[in-house]
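Right, one structure below, let's go through it.
The values are calculated or read from the model by the stated rules, or taken from the named source; none is laboratory data. Computed from a predicted model, the values in this text were never measured in an experiment. So basically every Cβ, Gly included, is an ideal-geometry build from the backbone, and we count neighbours across all protein chains shown. These accessible areas exclude ligands, DNA and RNA; they are computed on the full protein's heavy atoms, side chains included. Shrake-Rupley method; radii C 1.70, N 1.55, O 1.52, S 1.80 Å.
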Amino acid sequence: MRWRSYVAVGDSFTEGMNDAYPDGTYRGWADLVAARLAVEAGPEFGYANLAIRGRLFPNVVAEQVPAALAMRPDLISFAAGGNDVLRRNFDAHALVERFDEVIGQLRGTGADVLIFRFADVMARLPGQRLVAPRVSILNQALGETAERHGAILVDLYADDTFLNPVLWSEDRLHLSAAGHRRVAARVLSALGLPPDEQWLVVPPQPAPTPWLAARGADLRWAGQHLAPWIKRRLTGRSSGDTVTAKRPVLAPFTD
């Protein structure tokens with residue numbers, strides 16, 4: 001099947017952090033997928049990416065879903081909830097119920113819909129005991145939602161390659177360029193399109209870090225990334241407060 005239009009909906013995962021273009025904006029897996037779909041469809045292909053870093057699930061649904069529905073694309077990717085599981089007041093069952101409703105709404109337009117089981121990002125982050133059960137509930141429900149509505153499930157959690165730290169950026173929360181390419185490959189495979197084989201090459205694991213050096217790296221990470229995140233939580237701010245969608249309208253894809 002040739003998809004003539006694709007709209008990507010979500011947060012930083014779909015915006016493409018931290019896979020930077022030379023101008024400092026982000027590419028990410030969705031742009032990589034769009035580039036391949038554009039080759040398949042030709043000049044008639046249109047792509048929009050509405051994702052904005054830091055967005056919580058209710059914001060994605062309220063701000064991006066209506067815009068995506070109005071564009072009536074052939075293909076929609078929906079990935080949200082990752083920021084919500086990090087919040088103290090997270091209600092897994094409420095989010096799962098609303099997630100199912102949204103996917104039903106998107107599928108009701110006749111579009112093919114991509115959804116994702118999250119990769120295990122918590123393996124190298126604090127708070128795993130609190131957050132991991134939440135992710136598990138959400139990941140299980142996503143499979144049921146995909147089956148119920150005929151959505152296309154991309155199961156990143158089942159891919160142990162994402163335990164390789166090379167697939168994650170310095171902040172330990174967002175994918176690296178290599179990570180985004182692996183996600184793009186998994187998405188294209190789910191769509192029945194062969195990916196670039198290089199995107200699936202497993203990077204070698206980094207050499208073990210001596211204990212003292214590892215603790216020093218942890219302290220630097222906490223100062224550079226964890227502390228600013230905590231400050232934003234305490235002040236009610238988001239990393240995406242001043243960010244707008246990088247591709248807000250359906251338009252021919254240019255890289």
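Under 5 Å between amide hydrogens, built in the peptide plane, is the criterion, and for N49 it picks out A8, R247, V249 among residues at least 5 positions away or on other chains. Within the accessible area of the chain, the carbon and sulfur atoms contribute 56%, probe 1.4 Å, all protein chains present. Three semi-axes describe the equivalent ellipsoid of the stretch 61-144; taken as square roots of 5 times the Cα gyration tensor eigenvalues and ordered largest first, they are 26, 12, 11 Å.
Residues in the chain average 49 Å² of solvent-accessible surface per residue, probe 1.4 Å, ligands and nucleic acids excluded. Shown here are the Rg and Dmax of the Cα trace of the chain, at 17.8, 56 Å. With Cα atoms defining each centre, the stretch 98-167 and the stretch 78-97 are spaced 11 Å apart in the structure.
Between Y21 and E97, full extension at 0.36 nm per residue minus the direct alpha carbon distance yields a gain of 23.7 nm. Normalising by residue count, the stretch 1-122 has a Cα convex hull of 116 Å³ per residue. Across all directions of projection, what mean area in square nanometres is found for the Cα convex hull of the stretch 81-196? Value for the stretch 81-196: 7.6 nm². Among D74, D120, D23, the largest mean-square fluctuation in a Gaussian network model of the chain, built with springs joining Cα atoms closer than 10 Å, belongs to D23. Estimated from the Cβ-Cβ distance and a Förster radius of 22 angstrom, the FRET efficiency linking E147 and R72 is about 0.35.
Stokes-Einstein diffusion for the stretch 34-87, with the hydrodynamic radius set to the Kirkwood value over Cα pairs and evaluated at 4 °C in a medium of 1.567 mPa s, equals 102 µm²/s.
Here the sum of -39500 (n - 2.57) over DSSP H runs of 4 or more residues, divided by the residues of the chain, equals -12000 deg cm²/dmol at 222 nm, to the nearest 500.
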